[in-house]
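Only one structure is covered here, and it is reproduced in the block below.
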Amino acid sequence: MSQIYVITTVRGRHRHLRRQRCGLALSHTAPAAHIVVTMGDDDAARLAAELPGPPVHRLPVPMNGRSTLPLAAARNRGVEASAALHRAEPDDLLIFLDVDCIPSPELVDYYARAAAQRPDDLLCGPVAYLPENDPGWVQAQRLRELAEPHPARPAPAPYVLQQGQEYELFWSLSFALRRGLWEQIGGFDESFTGYGAEDTDFAQRARLRGVGLCWVGGAEAFHQHHPVSDPPVEHLEDILVNGRRFADSWGWWPMQGWLEAFEELGLVHRTTDGFQSTLRVASVPQSHVYIRHLGPPEPGESCVLRLPDPPARRADTPQGAPWWPPMMLDPEWVRSTEFDVFHLHFGFDAEPPQRLAEICDALQDRGAPLVYTVHDLQNPHHTDTALHTGQLDVLMSRATRVITLSHRAAEIIAGRWGVQAQVIPHPHVVDLPLIEGYQQTPLRRQGEFRLGVHLKSLRQNMAAIPVLNVASAAVAQIPGGVLQVNVHHDVYDQHGARHDSELRAWLQKHPQVDLQVHDYFNDAELYDYLSSLHASLLPYRFGTHSGWLEACHDLGTRVIAADVGCYASQGADHLYQWAENARLSRVAPRGGAGAPEAIEERERSDDDAHSQLVAGSLEQAVQAAAQAGESTAPDGISRAEWRAQQRHQIAAAHERIYREALKDSAPRSAGTR
């Protein structure tokens, strides 16, 4: 003999469950059982059984550590439990009621009558919404007077069965079907967890299997009020994950109204194949050219929103770095600002390691992951490595994800800290339209080989005179060879703040050198300068990576760099050598007694200023650059096309890392979404 079962899934909302039980107690036809599927809520079934009504069968479904409700699995377990109570029959009627729904006394009757008339249909009863004020006792007529029908779904008159065609209107608040039809559909897909789309998927699978959809007049349920967000931002991630799964199966996204509302709020971003949550990233800094080029080149394509740099912590910021020192490197800023991921690049040069640890503590407290991109394994402005080493020790141990720009840097990081850094190459520096323009109209002169040595304001890692001695002699042997030396006024002028009398004297003794003395180049001046060179010689004794190298490659200028740091791994075109004692040496690893030995930059002293340049290696590098011609992009495409393709890959890699880092970073307390 067939039976009628009411199945309710619940977690919390005990008051709503009690009123649902009161409604079932008043049913004209009592179901054989009320199966209460508790999702990690041990008290729910006990509270439900305190009131009269059909027998309560408690079915616990564990959360298994998940923060999202296993609604699809819970409904499936409820049906399985019903089959165990009595002999399962194909004509058993399964009625699903959301815990918020109070059934009318006639609901079971109308569903049973409809199932007899439409045995092959999925049956949906109308649900009307009760106001916020407490309706008191669940007397049906009173509820009908207070409740408002849903404006978008059919609500036929009693005894009217209205055939439905729009399966996307199906919802799981109140529905019914025969057990045989349930088995034909296959139940709910349990890969949907949390809020949204699992019931729309259920209806689509019913449609695919030829199951009809019928709206049942008279099978009324009254939805009890509870606070909601509109749109439901607290369920954003569930909606996106379930929406993506649904779209992969059916080719379209459900819950469009919510998704469009999220989009208006800036919480999601529309992509070519659907929607992604917008990631708010605090990049330190944001306005640096490297960070500006981490997203895709086309505006509006990225799901990553980088917060603008707040005003710097001091008024007299350096030229070219208006963000320094970064306000973001303040634990109070971290605690008081809304963002999802904290991505550190530059600007912590002067911060003591303890300060960085405090920032990491603030990030951990709010559950925001730290992503750190290792640009420098040794600070090019310092010969004393102690401070930078201490900073790296903190950041490497606390970062959720570590990125670096070259495979050689990743090897050093793995050997020293035991951290597996993900390698993402440096993006272009010059804007893409300018790269195209300079390729079409380069500024290099025909018939000459112009080698540039740009000394700027003589950073600590620059060895000017040893490099100039060899470079000037090498260029003199090349037909049409010109050595151009650029230096800032603060170094060349006798009263300059960083005046170098030895360098000034050398330049004055070598009038064949094309000397250019100026202040800090703006971008246009810099790009014109680089485009006029055939090769740029980096006079570095030590270092790691170089944005200058990337700008040269943007403009077709070959790069000559020392075989120190990671310049070779980054893509320098030609290499020269310093004497062995000034380059790399074997040192004890920092990873502990059991860690493997690693090759690293050794800690340098003032004696390194007298390191010997291997002159022959630099002469050969200059000659090779003169013979090689303009630097070209790989695969025979233009440099702008190459950089654009690379930038799409870089943007996708960063977004993937951000999302992985978010999954791995659980908040200690509420306050972030």
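The values are calculated or read from the model by the stated rules, or taken from the named source; none is laboratory data. Keep in mind that this is a model prediction, so the values were computed, not measured. Using ideal geometry, Cβ is built from the backbone for each residue, glycine included, and neighbour counts are taken over all protein chains shown.
Yes/no per residue for (1) in contact (Cβ under 8 Å) with a residue 12 or more places away in the chain; (2) closer than 24 Å to Leu181 by Cβ:
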| site | (1), (2) |
| --- | --- |
| Pro54 | yes, yes |
| Leu59 | yes, yes |
| Asn76 | yes, yes |
| Ala84 | no, yes |
| Glu89 | yes, yes |
| Ile95 | yes, yes |
| Asp100 | yes, no |
| Ser104 | yes, yes |
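Can you find, within the stretch 194-250, the residue that is modelled with the highest pLDDT among those that are assigned by TED's automatic domain parsing to the domain that holds Gln184 and under 23 Å from the mean Cα position of the chain (by Cα)?
Checked the stretch 194-250; the qualifying residue modelled with the highest pLDDT is Gly196.
Confirm whether Val61 is at pLDDT 80 or above, buried (at least 21 other Cβ atoms within 10 Å of the Cβ) and assigned by TED's automatic domain parsing to the domain that holds Phe202.
no
Checking Asp340 against (1) more than 23 Å from Ile412 (Cβ to Cβ); (2) surrounded by fewer than 22 Cβ atoms within 10 Å (Cβ to Cβ), which test does it fail?
Among (1) more than 23 Å from Ile412 (Cβ to Cβ); (2) surrounded by fewer than 22 Cβ atoms within 10 Å (Cβ to Cβ), Asp340 violates only (2).
Quick one: in the stretch 303-317, which of the residues that are exposed (fewer than 14 other Cβ atoms within 10 Å of the Cβ) and charged (D, E, K, R) is farthest from Phe342 (Cα to Cα)?
Among those residues, the one meeting the criterion is Asp316.
When the stretch 402-440 is examined, which residues are found to be aromatic (Phe, Trp, Tyr) and under 30 Å from Asp523 (Cβ atoms)?
Selection gives Tyr438 alone.
So Arg459 passes all but one of these: (1) at pLDDT 95 or above; (2) surrounded by fewer than 18 Cβ atoms within 10 Å (Cβ to Cβ). Which condition number does it fail?
Arg459 satisfies every listed condition except (1).
Any chance the stretch 130-144 includes a residue that's closer than 29 Å to His57 by Cα, touching a Phe, Trp or Tyr at 6+ places or on another chain (Cβ under 7 Å) and assigned by TED's automatic domain parsing to the domain that holds Arg15?
yes
So which residues in the stretch 25-58 are more than 24 Å from Ser104 (Cβ to Cβ) and either loosely packed, with under 15 Cβ neighbours inside 10 Å or of a type in the set (Lys, Arg) (or both)?
Hits for the stretch 25-58 are Asp42, Asp43, Arg46, Arg58.
Would you mention how many residues in the stretch 614-643 are surrounded by 19 or more Cβ atoms within 10 Å (Cβ to Cβ) and in contact (Cβ under 8 Å) with a residue 60 or more places away in the chain?
So the answer is 9.
From the list Ala116, Ala81, pick out the single residue that is more than 43 Å from the chain's Cα centre (by Cα) and either in the same structural domain as Glu183 (by TED's automatic domain parsing) or at pLDDT below 95 (or both).
Every option except Ala116 fails the conditions.
Given the criteria at pLDDT below 95, charged (D, E, K, R) and touching a strand residue (DSSP E or B) at 6+ places or on another chain (Cβ under 8 Å), does Arg541 qualify?
yes
When only residues in the stretch 433-472 that are assigned to a strand (DSSP E or B) and among the aliphatic types (A, V, I, L, M) count, which is nearest to Ala626 (Cα to Cα)?
Leu451
Could you pull out every one of the strands (runs of 3 or more DSSP E) wholly within the stretch 309-410 that has 2 or more residues that are hydroxyl-bearing (Ser, Thr, Tyr)?
Here the list reads 370-374.
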